[in-house]
Each structure stands twice: as C-alpha cells, then as structure tokens.
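Working notes, beginning with the structure itself.
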Amino acid sequence: MHADCFKNYTKMPIPDKYIPNEVENKWYAYWMQHEYFYSVPNEKKPYTIVIPPPNVTGVLHMGHMLNNTIQDVLIRRARLKGFNACWVPGTDHASIATEAKVVDKLAKEGIKKLDLTREEFLVHAWDWTEKHGGIILEQLKKLGASCDWRRTKFTMDEQLSESVLDVFVDLYHQGLIYRGYRMVNWDPEAKTTLSDEEVDYVEMQGKLYYLNYQIEGSQDFITIATTRPETILGDTAVCVNPLDARFTHLKGKKVIVPIANRSIPIIEDAYVDMEFGTGCLKITPAHDPNDKIIGEKHGLEVIDIFNDDATLNAYGMHYNGQDRFVVRTEIVKELQSKGHIHKIEDYTNKVGISERTKAVIEPKVSVQWFLKMDEMVKPALDAVMEGDIQFFPKRYVNTYKHWLDNIKDWNISRQLWWGHQIPAYFYGNGVQDFVVAKTKEEALPLAQAKTGKSDLQLEDLKQDNDALDTWFSSWLWPISVFDGIRDPENKDIQYYYPTNDLITGPDIIFFWVARMIFAGYKYREEKPFQNVYFTGIVRDHLRRKMSKQLGNSPDPLDLIAAHGADAVRCGMLFSSAAGNDLLFDEELIQQGKGFANKIWNGFRLVKGWEVDTQVAQPESARIAIQWYEAKFQQTLAEVEKSFEGYRLSEALMSIYKLLWEDFSSWYLEMVKPAFGTKMDLATQQASLKFFEDNMKVLHPFMPFITEEIWQTMEERTPQQALIVAQYPELKPFDAAITAHFEVAKEIISGIRTIRKDKNISFKEEIELSVLNNEHFVTDFDAVIVKMGNVSKHNYVAEKVERASSFRVQSNEYFIPMGSNVDFEAEKAKLQEEMTYLEGFLKSVRAKLTNERFMSSAPEAVVEAERKKEADALAKMETIKNSLG
C-alpha cells in the first residue's frame with residue numbers, strides 16, 4: 001500500500017464501529033512499507049530478541065501465540081523507548097519431525113525411503129520444506145509480529161550450516177567430540193538415537209513376570225522377576241548379591257535360559273537389590289543400561305535381539321521379524337505352556353517415551369558421536385547462579401542447576417538424512433578409522449597423514465551417514481544469526497550480541513536454553529542473553545494441555561479473523577500470570593474485543609466535541625486534568641515495575657484499568673460539556689494529549705487500534721507514526737491528588753446510590769450537605785457538584801433533618817428528601833435493614849461468646865469477627881438516627 005493511500009485518511013469521518021480486519025491489514029502493510037521493523041547497527045543502544053525458531057513445517061498454535069505476543073510487546077515497547085529494536089525471526093529444520101513428514105508423504109506415493117539414495121531423498125525433503133516452510137512466519141504477521149523480516153534465518157541456510165560444521169570440526173580437534181559405543185535411547189519409530197532430554201518418562205500399568213530358570217545339572221530352579229519377558233532371549237547371566245545368604249550355594253553354577261536353552265553363569269554383584277523381586281536379576285547387557293555396566297564389569301557377552309524398528313532379529317529365534325510387544329504376549333504363552341511362569345503380578349513403572357514420536361524407547365548399544373559437557377558447565381552455571389543471566393520466574397534457577405549438576409555427555413548424532421551431515425570421513429571399517437574436516441577435499445590430506453598412505457584418493461573416503469542433532473544447530477542461534485561463528489568480528493555480532501531477552505517455554509530449558517549458554521561462553525566468552533522469561537503452557541478450562549489430538553485447541557487464525565489480533569493478544573495476556581500455565585478462555589478474548597470498542601467509542605466522543613475558543617475552562621475540568629496527569633504517572637510507574645519483573649499480564653491490567661475506569665468512566669465524564677454546549681479549547685487539547693499518551697502505553701499490547709486512532713487524530717508523516725513515537729517519560733506526580741480523588745469517587749458513588757434507591761432522576765438537582773468531622777480537602781467539590789448534579793454544596797455543623805445520608809470516612813453526607821418522598825416506605829426499608837442487622841449481630845456475638853471458637857480460632861479470624869460486630873453496631877446507630 002502506498003503512502004498516498006494514507007494521505008487524506010485523517011480527514012475522513014470516524015466510523016461508528018471499529019472493524020479490526022480492515023484496520024489490521026492496512027497498518028501492517030504501512031509498517032512494512034516504511035521499514036519500521038528493519039534494524040541496522042547505529043548510534044542507538046540496541047535491544048535484541050532472537051525468536052525461538054519454530055519447526056519449518058509447523059503452523060501457528062496457541063503456544064506460539066502466547067510466546068510471540070510477549071516478544072512483540074517487548075520489542076514494540078523498546079522501539080517506543082528509543083532503542084534500536086531488532087527481532088530476528090527464523091525457523092528450525094527439525095530433523096526428526098520433518099523427516100517423518102517427508103517419509104510419510106513418500107509412503108503415500110508408494111516410495112520407500114530406503115529405496116532412495118540420500119541425495120534423492122534430500123531433493124524430496126527440500127521440496128517439502130520450500131512448499132510448507134515459512135507458513136508459520138507469514139501467520140505471525142497476522143498477529144502483528146514486528147520482526148525484522150529481512151533477517152529471517154533458517155538453520156539449514158548456507159551461513160548457519162557452515163557455522164555448524166565449523167563448530168563440530170573445532171570441538172573435535174579440541175578433543176571435546178568423540179565417537180564410541182554407548183547405551184543410547186533408541187526411537188524405533190524414527191529409527192534414530194535421542195538424547196536423555198528428548199525422552200519423557202510416563203507411568204504405565206504393566207505386569208511383573210516371575211520366571212523359573214533351571215539350574216544346570218539339577219532339577220532345581222531359581223526365580224527371577226522381569227517386566228520384559230521378551231528380552232530373556234538376550235540374557236547372558238543371572239546376578240545375585242554376594243551378601244544374600246539365600247544364594248551362596250549357587251556360587252559358580254549356571255542356569256539354562258528358558259526357550260533359548262543357552263547356559264549362562266550365575267554371577268555376584270553388590271548392585272543387586274536383595275529386597276526387589278526375588279533377589280535374582282537377569283542380566284541383558286544389550287537392552288538395559290544398568291545391565292550393560294554389570295556386563296562390562298564381568299566381561300559378559302552382548303546379544304542384541306532387536307532390529308532398528310524394534311522387531312526381533314535372528315537372535316529372537318522363531319519370533320524373528322515380529323514386533324516386541326506382540327512377542328511379549330506370545331512368549332508369555334510359550335513360557336506358561338512349558339512351566340516356566342511362577343506367577344504374574346500387576347506392576348506400575350515409569351517407561352521412557354520419545355518426546356517427538358511417542359514411541360516406547362528401546363535402550364540400545366550403538367556407536368555414536370558425543371560432546372563432552374564437563375568443562376562447559378562451570379561458566380554456564382556461574383552465570384545463572386550469580387545473576388549475570390536472570391531467570392523469570394526465579395524458581396527455574398533450581399531446575400537449571402539440578403540438570404547441570406547431573407549432566408551427561410551429549411549424544412549429538414542422529415540416524416537421519418535430513419539435517420547437517422556429520423563431517424567425518426572414513427577410510428576403513430574400524431570405529432576410529434576416520435578423520436574430521438569440513439569437506440572431503442580437506443579430509444583427504446588428513447586421512448593420508450593418519451594412514452601413511454599417500455596414494456589414498458577422494459573416492460576412498462566415505463562420509464558418515466548420520467546427521468547432527470537438531471539442537472546442535474539451535475544452540476548456536478544467538479551467535480549464528482549474526483554470523484558470529486564464521487566472522488566473529490563483524491559489525492552485527494559486535495553490536496547486537498549479547499541479546500537482551502529470551503522468551504521461551506520451560507520444557508526446553510535443557511534442550512536449548514542451557515546449551516545456548518554453553519555455546520555463548522565457549523565461542524563469545526560472554527552470555528548469549530541477559531534475561532530469560534519462561535512462559536507457561538496454554539491449557540483449557542479443564543487444565544489439559546491444548547493440542548490438536550485432544551481437539552481442545554482453537555485455530556489462532558480463526559480467533560484473529562473473528563475478534564481481531566488486538567483482542568486475541570489481550571485475551572492471551574489476560575489469561576497469563578507471569579510464568580504460570582495459561583488457562584485459556586475465549587471469553588477473555590471477548591473482553592479484549594470489548595476493550596477495543598470502549599477505546600474506540602471514547603475516541604469518537606473526544607473527537608466529536610465542538611470547541612469554542614471563547615468558552616472558559618470549568619473548575620471541574622481543571623482539577624480533572626490535574627488528577628489524570630497524576631493518575632497517568634502513577635499507573636506508568638506501576639507498569640514500569642511490572643515490566644521489570646516480566647509481569648506483562650499485570651502491566652496490561654494496569655493499563656486496562658487506567659483506560660477503562662480512570663479515563664473513560666471518570667475523566668471523560670468529569671470533563672465532557674453539558675448536552676448542547678461546547679468544549680473549551682484547553683480541556684479539549686489536554687484530552688487529546690491524554691489520548692495520545694494512552695495510545696503510546698497501550699501500543700505494545702494492541703498495536704493496530706492504537707495506530708489507527710493515532711493516525712486518525714491528525715494528519716501525520718511516516719516519521720510521526722505511533723510505532724516510532726516517543727514513549728511517555730516517567731515523572732514525579734502528586735500522590736495526594738490521586739488519594740483525594742478516591743474519596744471524591746466514594747462521595748459521588750454515595751450520591752448515585754441514594755438517587756437509585758430513592759428513584760431520584762439524575763436530571764433533578766439535589767442539595768448536598770456535609771457534616772465535617774475531620775479535616776477535609778475540598779479540591780474536588782466542583783467535580784462532585786457536576787457529577788452529582790448538585791445545586792447546593794454546603795458544609796454544616798449538625799445533622800440535616802428529613803434527609804438520606806451516607807458516610808465516607810468520618811464525614812456524613814446528607815441529601816434532603818423532597819415532599820414527593822414516601823416517608824412510610826423509607827421507614828419500612830430502614831426497619832427491614834435494622835431487623836437484618838440485629839440477626840446478623842446475634843450470630844456474630846454467638847461466635848464471640850463461644851469458648852471453643854475463641855480458644856481454637858486463629859487470632860486473625862477472631863479479629864475479623866470483632867470487626868463485623870463493630871461495623872454492624874455503627875450501621876445500626878446510623879439507622880436509628882435516620883428513623884429518629
């Protein structure tokens with residue numbers, strides 16, 4: 001959209017209703033056209049956020065909505081405060097998720113992955129990525145995300161990919177990356193290893209099977225207990241505790257594995273818990289991490305009975321090719337038929353589940369690549385524990401520390417094709433027959449030197465088939481998006497790093513947050529960000545996590561289409577206390593929509609006032625302006641404090657109350673001219689200035705309606721757009737005037753209550769008399785007169801007869817009743833209230849005279865009851881006086 005489309009917009013009449021869809025498309029195009037989101041290093045202080053890169057093939061969900069709303073609030077506020085605001089967007093290649101989608105797509109076309117070469121498969125993967133990738137970033141624009149889209153990065157971009165390979169090669173040559181056999185977490189659905197952090201442990205109801213193993217050369221048996229009877233085919237020993245007197249006679253003997261009929265030794269190890277099961281433990285080194293340790297200690301054979309897809313292999317004998325869970329059922333039947341089952345019990349235990357595919361994890365001995373963690377931990381732990389990096393909420397510091405205190409080496413290899421292929425080149429079949437280099441050409445002289453074979457050729461080298469863990473690219477994100485690995489002295493990395501705030505979920509504190517801190521200190525000797533704000537999980541009213549599978553998650557784009565982006569942003573933040581889970585309720589989006597309409601109607605009111613420069617400013621307007629100036633500053637101070645603690649919901653609620661209650665419900669009513677009269681110029685100008693300041697503080701939360709109002713108030717140049725306006729300055733304010741107005745509000749409310757109770761029309765003027773028992777400030781008398789439609793405002797020394805009254809603090813206010821008041825009806829009302837109070841007082845005193853209550857109730861509860869007694873007596877005294 002071109003600038004001339006906006007030129008005369010402010011001269012157009014203000015529409016009766018605010019229509020979000022029209023406004024949002026228009027202003028987002030305007031912001032993009034004028035490059036307000038674009039950032040380059042300059043003389044200003046930078047404020048930088050890097051987006052947690054969503055999966056390249058993902059679509060917007062409610063968690064993204066919350067996370068990116070918060071990021072946009074922070075970046076827009078920084079922009080208004082004069083920072084050079086830079087929000088870097090991008091996407092993650094998501095190895096496991098993307099490869100699974102591509103494999104599924106190919107399967108529907110009748111193509112198997114293994115029928116393709118790696119290069120052929122990657123053509124399909126890139127086609128899929130180009131077709132579906134970036135959709136989520138386009139969707140974020142609908143939310144109003146003010147990212148610097150020119151800086152959009154993808155973890156498989158050439159720049160970022162080269163950075164990943166540089167880091168791998170560097171860490172390998174420092175001796176921090178190594179290759180070796182380890183027990184790993186195997187995902188049989190994705191057919192790849194997973195790190196410990198990618199495994200969730202869930203309670204499952206299963207069975208504990210007690211199996212009899214015959215002692216070799218005897219008719220006797222020993223009984224072992226297992227939850228996985230299918231793995232007996234991989235057993236290579238039975239282990240007992242050397243201190244267990246029940247089994248001392250078995251030392252040096254062997255047992256026969258049921259079905260397999262293999263002879264295996266009985267060994268002794270203190271690891272065995274004598275109290276668990278039978279005290280005899282079957283040892284299966286290939287399929288249990290603890291068994292593997294015992295196996296290595298005792299030199300046991302390792303028999304892997306599973307294929308990569310968790311079907312049994314040839315070691316599974318007649319179960320070869322069958323799924324592990326099918327075999328579990330069948331092998332139990334066979335064991336029962338052969339008399340090997342002693343008993344079966346119900347048993348609940350925790351089972352490892354793939355965080356990505358939800359498949360049950362299979363422990364597997366495999367040769368993999370690992371990154372040593374020991375030396376990376378200390379600077380990363382110190383940074384958080386000493387407060388150099390701040391966590392919000394603070395409770396996540398302990399979570400972080402616990403993980404770092406118990407960290408293991410990071411398994412960084414994955415048996416996938418989509419991702420960064422490990423830059424290791426093999427010249428032989430041995431586990432260590434390789435060299436590491438960025439390219440095959442760079443690898444060749446290294447391989448020639450290592451082997452002593454100068455005639456080794458490029459075709460003799462074969463690159464490792466595995467890809468790197470996705471997080472091995474993501475951990476470099478705050479550095480690599482500014483090209484700080486390849487070119488550590490470039491202007492961008494020098495200016496924007498370290499970044500300011502990271503907004504993310506606590507579920508990736510280990511996957512991503514900790515590892516970025518590792519990388520920051522390793523490659524920049526500096527923290528990657530100053531603050532980490534952990535958002536909560538978006539849940540429904542039943543506290544279930546929102547997901548497509550449960551069908552409890554609305555489509556964010558449908559919500560935006562129905563209610564407008566501003567309303568959705570507000571609704572998300574109304575739901576979200578700092579760092580706690582968000583209980584999403586669409587009614588809160590309706591509240592955001594109602595807020596937008598309230599603001600719009602207030603704007604139409606102010607712009608609709610006719611101004612007469614000859615009209616003098618009323619006293620009520622003068623004091624109202626003084627009060628709102630102070631109230632605005634008081635609220636601004638609250639908002640600043642909330643932002644310091646990343647309590648964005650609290651900040652929004654302060655602004656909401658300011659605009660809805662203080663500005664719309666009180667200030668505008670205090671200053672608006674009487675029907676048929678005109679507004680004085682000073683009040684109109686002050687009101688428009690207030691509206692501008694209101695829009696500035698609200699803009700980060702509701703960018704579209706605020707820009708629309710800002711641009712409609714007067715004709716503005718692109719340099720004067722709200723998005724780049726100057727945020728209001730925090731100034732000292734008169735706290736006394738805000739306190740005095742709270743009293744005035746109570747007085748006005750008291751007048752309104754009597755009008756309602758006595759059916760006195762607001763058009764009918766009333767007298768108001770004040771029995772002044774304490775020093776009382778009269779600042780707001782003119783406001784009380786106006787808003788109460790008071791004809792006379794008197795200060796009196798004694799009670800006014802034949803009048804209704806109310807109290808504010810220790811002052812009593814009287815409104816004389818005219819001849820049209822039905823005094824008998826009023827008397828009946830008072831007597832009814834007196835009867836109620838007498839009953840209420842009786843119940844309170846029954847508690848206060850009850851010895852058991854007085855001796856057992858907390859002091860605060862007793863004090864509350866005494867206050868109820870005192871309040872009831874005071875009200876009864878007022879009613880007695882009124883009846884008199």
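The values are calculated or read from the model by the stated rules, or taken from the named source; none is laboratory data. Only a predicted model underlies this, so the values are computations on that prediction, with no experimental measurement involved. Neighbour counts run over all protein chains shown; Cβ positions are idealised from the backbone, glycine included. Surface accessibility is based on the protein's heavy atoms, side chains included, excluding ligands, DNA and RNA. Shrake-Rupley method; radii C 1.70, N 1.55, O 1.52, S 1.80 Å.
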Report summary line: Of the listed residues (Asn552, Asn500), the one being closer than 30 Å to Glu386 by Cβ and either part of a helix (DSSP H, G or I) or open to solvent by 10 Å² or more (accessible area, probe 1.4 Å) (or both) is Asn500
Report task. Kindly indicate whether Arg486 is in contact (Cβ under 8 Å) with a residue 60 or more places away in the chain, open to solvent by 50 Å² or more (accessible area, probe 1.4 Å) and in a loop (DSSP other than H, G, I, E, B). Result -> yes
Query raised in the report: How do the strands (runs of 3 or more DSSP E) wholly within the stretch 241-311 filter down when requiring 3 or more residues that are open to solvent by less than 40 Å² (accessible area, probe 1.4 Å): which remain?
Result: 263-268, 280-283
Requested in this report: Could you grab me the full set of residues in the stretch 328-350 that are surrounded by 15 or more Cβ atoms within 10 Å (Cβ to Cβ) and under 42 Å from the mean Cα position of the chain (by Cα)?
Outcome: Arg328
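Test Ala190 against the stated conditions and say whether it is more than 18 Å from Pro363 (Cα to Cα) and either of a type in the set (Gly, Ala, Ser) or in contact with a Cys (Cβ under 6 Å, 6 or more places away or on another chain) (or both).
Numbers: more than 18 Å from Pro363 (Cα to Cα): no; either of a type in the set (Gly, Ala, Ser) or in contact with a Cys (Cβ under 6 Å, 6 or more places away or on another chain) (or both): yes.
In short, no.
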Report task. Output the number of the condition that Tyr213 fails; it satisfies all remaining conditions of (1) of a type in the set (Phe, Trp, Tyr); (2) at pLDDT 90 or above; (3) surrounded by fewer than 16 Cβ atoms within 10 Å (Cβ to Cβ). Result -> (3)
**Report entry** Hey, Lys696 at pLDDT 95 or above, closer than 23 Å to Lys593 by Cβ and open to solvent by 10 Å² or more (accessible area, probe 1.4 Å) or not
**Finding:** yes
Query raised in the report: Looking at the stretch 503-530, which of the residues that are assigned to a helix (DSSP H, G or I), of a type in the set (D, E, K, R) and over 19 Å from Gly63 (Cβ atoms) is most open to solvent (accessible area, probe 1.4 Å)?
Result: Lys522
Report summary line: Given (1) open to solvent by 30 Å² or more (accessible area, probe 1.4 Å); (2) on the phi > 0 side of the Ramachandran plot, Gly419 misses just (1)
Report task. Spot the failing condition for Glu162; the list is (1) over 19 Å from Gly90 (Cβ atoms); (2) surrounded by fewer than 17 Cβ atoms within 10 Å (Cβ to Cβ), and only one is missed. Result -> (1)
Query - Listing of strands (runs of 3 or more DSSP E) fully contained in the stretch 781-884 that carry 1 or more residues being touching a residue at least 24 places away in the same chain (Cβ under 8 Å), basic (Lys, Arg) and surrounded by 12 or more Cβ atoms within 10 Å (Cβ to Cβ) - result: 803-808
Query - Those residues of the stretch 282-308 which are in contact with a Cys (Cβ under 9 Å, 6 or more places away or on another chain) and charged (D, E, K, R), in sequence order - result: Lys282, Asp291
Report summary line: Being over 22 Å from Pro618 (Cβ atoms), at pLDDT 90 or above and not polar (S, T, N, Q) narrows Lys842, Lys847, Lys827 down to just Lys842
Query raised in the report: Which residues, counting only those in the stretch 434-469, are of a type in the set (D, E, K, R) and open to solvent by 50 Å² or more (accessible area, probe 1.4 Å)?
Result: Lys438, Lys440, Glu441, Glu442, Lys450, Lys453, Asp455, Glu459, Asp460, Lys462
Query raised in the report: Do we find a residue being buried (at least 17 other Cβ atoms within 10 Å of the Cβ), assigned to a helix (DSSP H, G or I), out of contact with any strand residue (DSSP E or B) (no Cβ under 6 Å at 6 or more places or on another chain) and not acidic (Asp, Glu) anywhere in the stretch 531-543?
Result: no
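A quick yes/no check of all residues on (1) in contact with a strand residue (DSSP E or B) (Cβ under 8 Å, 6 or more places away or on another chain); (2) more than 15 Å from Ile625 (Cα to Cα):
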| site | (1), (2) |
| --- | --- |
| Leu730 | no, yes |
| Lys745 | no, yes |
| Ser749 | no, yes |
| Asn759 | no, yes |
| Ile766 | yes, yes |
| Val783 | no, no |
**Report entry** Members of the stretch 633-673 that are open to solvent by 10 Å² or more (accessible area, probe 1.4 Å), free of Cβ contacts under 8 Å to residues at least 60 places away in the same chain and of a type in the set (S, T, N, Q)
**Finding:** Ser654, Ser665
Requested in this report: Collect the residues in the stretch 604-617 that are within 16 Å of Trp666 (Cα to Cα) and either charged (D, E, K, R) or surrounded by 16 or more Cβ atoms within 10 Å (Cβ to Cβ) (or both), keeping them in residue-number order.
Outcome: Val606
Query - Looking only at the stretch 334-366, and only at residues there that are touching a strand residue (DSSP E or B) at 6+ places or on another chain (Cβ under 6 Å) and basic (Lys, Arg), the one that is farthest from Lys191 (Cα to Cα) - result: Lys343
Query raised in the report: Just checking, which of Ser819, Ser810, Ser791 is modelled with pLDDT of 85 or more and under 24 Å from Ser769 (Cβ atoms)?
Result: Ser791
Report task. Quickly run through the stretch 144-187 and pick out the residues that are assigned to a loop (DSSP other than H, G, I, E, B), in contact with a strand residue (DSSP E or B) (Cβ under 8 Å, 6 or more places away or on another chain) and within 20 Å of Ile412 (Cβ to Cβ). Result -> Thr155, Leu176
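For (1) of a type outside the set (D, E, K, R); (2) within 22 Å of Trp410 (Cα to Cα); (3) touching a residue at least 60 places away in the same chain (Cβ under 8 Å), each residue gets a yes or a no:
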residue: Leu502; (1), (2), (3): yes, no, yes
residue: Asp507; (1), (2), (3): no, yes, no
residue: Glu525; (1), (2), (3): no, yes, no
residue: Arg539; (1), (2), (3): no, no, no
residue: Lys545; (1), (2), (3): no, no, no
residue: Gly551; (1), (2), (3): yes, no, no
residue: Pro554; (1), (2), (3): yes, no, yes
residue: Met572; (1), (2), (3): yes, no, yes
